[in-house]
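The values are calculated or read from the model by the stated rules, or taken from the named source; none is laboratory data. What you are looking at is a predicted structure, and each value in this text was computed from that prediction instead of being measured. Ideal geometry is used to build each Cβ from the backbone, glycine not excepted, and the neighbour counts take in all protein chains shown. Note: areas computed on protein heavy atoms with side chains; ligands, DNA, RNA excluded. Shrake-Rupley method; radii C 1.70, N 1.55, O 1.52, S 1.80 Å.
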Amino acid sequence: MAPNTTHRTASIRVFVLQAIIQNLPSAGTHLKALLTRHGLSDARIGDPNARVDMRYYLEFFEDAARTFEDPVLGARLGFALRPGDLWPIGLLLMQASSIGSALSYYARYATAFQTATTFSVQVSPEGLMCSYKIHDDIKPRNLLRQDTEFTLACICSQLRTAFDGNWRPLEVHFEHGSVGQEAALQRIFGAPIHFTQNRNCIIIDPSDADRQYRVEDREFINILNQHMASVIAASNQEVSATEQLKALISVRLGVSSVELADLASEMGITPRTLQRRLSDEGTSLRAILRDYREQMATAYLAQGNVSMEEISAALGYAESTVFSRAFKGWTGSSPARRPKVGE
């Protein structure tokens, strides 16, 4: 395989696969046969920070559902996971002051452990919409059901653990069809389930998203930031420069420098090499930073309880007026006029 192809392979951290395997039924020979069938030896999945090809992971998950004859296996496993199963992201969610803040962390750090996917938080007339999408170049699309249901279930489970064991989303939407599993999934999520929708998402009551549960430990969060940055920087031979840069920006923005020279140094390459790799991939640091800031600004504004000064600092702007000008350039409107959830 050519080097450039290796860099562009969509991937997921092994710790996600480990968490799934640990929660599969271990009795009998089914699990051993399943792992053998997909070449998942102890050596291959022993390092939680290593990566596996996203397609291999998706094929394994769909095969696991067939093997154990459980069409909603992904959703069940998602609710079985605990915060410690999710690398530092689970610990970050446990530190968040509110559900809205926790979802912003998830959107911020998702690229650190999974590429070719997007997690976003947006305002909708129904409430706060938290969406998950696997990019269209991952085919065939019938490989996505178990991972999609697992991901949304996992987010709901983490929010219950971190904030309120009785919490439920208002609704859950899936792009795929029902295949007779609406009642089963409704019992698992504790909320109405809708299939063949425009996006995969959970919809959250605005008052639930805004409720303050604790004061965040910023020092601890910064320590987790530093750890995640070091792990991301060690993966420069495994993923594209674009994906690695997105992940580094997600953990450094608002905390430390996101200048080209500093990011290149973190990756262990020269600024010229980084520029060349980004150019080969059809992008630039400026474009990546702009897209990420716009995504995160939208997520923060959707919460409705984060000040312009706090958003500006989180996005690495010295003043809120600079952020406001940038936001207007992206969207054509002022962030102060952006509608909040429920308006």
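Those residues that are in a loop (DSSP other than H, G, I, E, B) and among the β-branched types (Val, Ile, Thr), I need them from the range 82-116; list them, please.
Passing the criteria: only THR115.
Please work out which residue is farthest from the chain's Cα centre (by Cα), limiting yourself to the range 226-255 and to residues that are over 21 Å from VAL52 (Cα atoms), open to solvent by 40 Å² or more (accessible area, probe 1.4 Å) and at pLDDT below 80.
VAL255
Given the structure, is LEU24 in contact with an Asp or Glu (Cβ under 8 Å, 6 or more places away or on another chain), surrounded by 15 or more Cβ atoms within 10 Å (Cβ to Cβ) and not charged (D, E, K, R)?
Taking the combined requirement at face value, the residue does not satisfy it.
Restricting to the range 129-146, name every residue that is open to solvent by 10 Å² or more (accessible area, probe 1.4 Å) and out of contact with any strand residue (DSSP E or B) (no Cβ under 8 Å at 6 or more places or on another chain).
Correct list: ASP136, ASP137, ILE138, LYS139, PRO140, ARG141, ASN142, LEU143, ARG145.
Quick one: in the range 42-72, which of the residues that are within 26 Å of the chain's Cα centre (by Cα) and hydroxyl-bearing (Ser, Thr, Tyr) is surrounded by the most Cβ atoms within 10 Å (Cβ to Cβ)?
TYR57
Quick test for you: out of ARG8, ARG37, pick the one residue that is open to solvent by 30 Å² or more (accessible area, probe 1.4 Å) and at pLDDT below 85.
ARG8
So, of the residues in the range 190-215 that are open to solvent by 40 Å² or more (accessible area, probe 1.4 Å) and within 17 Å of ALA107 (Cβ to Cβ), which turns out to be modelled with the lowest pLDDT?
ARG199
In the range 189-233, which residues are polar (S, T, N, Q) and under 23 Å from GLU243 (Cα atoms)?
Correct list: ASN200, ASN222, ASN225, GLN226, SER230.
Please specify each residue of the range 147-171 satisfying the condition of being open to solvent by 50 Å² or more (accessible area, probe 1.4 Å) and either among the acidic types (Asp, Glu) or on the phi > 0 side of the Ramachandran plot (or both).
ASP164, GLU171
Checking the conditions here, which among GLY329, GLY282 is on the phi > 0 side of the Ramachandran plot and without any contact (Cβ under 8 Å) to a residue 40 or more places away in the chain?
The conditions single out GLY282.
GLU126 passes all but one of (1) buried (at least 21 other Cβ atoms within 10 Å of the Cβ); (2) touching a residue at least 60 places away in the same chain (Cβ under 8 Å); which number fails?
Of the numbered conditions (1) buried (at least 21 other Cβ atoms within 10 Å of the Cβ); (2) touching a residue at least 60 places away in the same chain (Cβ under 8 Å), the odd one out for GLU126 is (1).
Does LYS328 satisfy the criteria of being surrounded by 18 or more Cβ atoms within 10 Å (Cβ to Cβ), assigned to a helix (DSSP H, G or I) and basic (Lys, Arg)?
no
Just to be sure, is PHE79 assigned to a helix (DSSP H, G or I), under 28 Å from ASP217 (Cβ atoms), of a type in the set (Phe, Trp, Tyr) and at pLDDT 85 or above?
yes
Of all residues in the range 196-225 being closer than 16 Å to LEU93 by Cα, of a type in the set (S, T, N, Q) and in a helix (DSSP H, G or I), which is nearest to the chain's Cα centre (by Cα)?
ASN225
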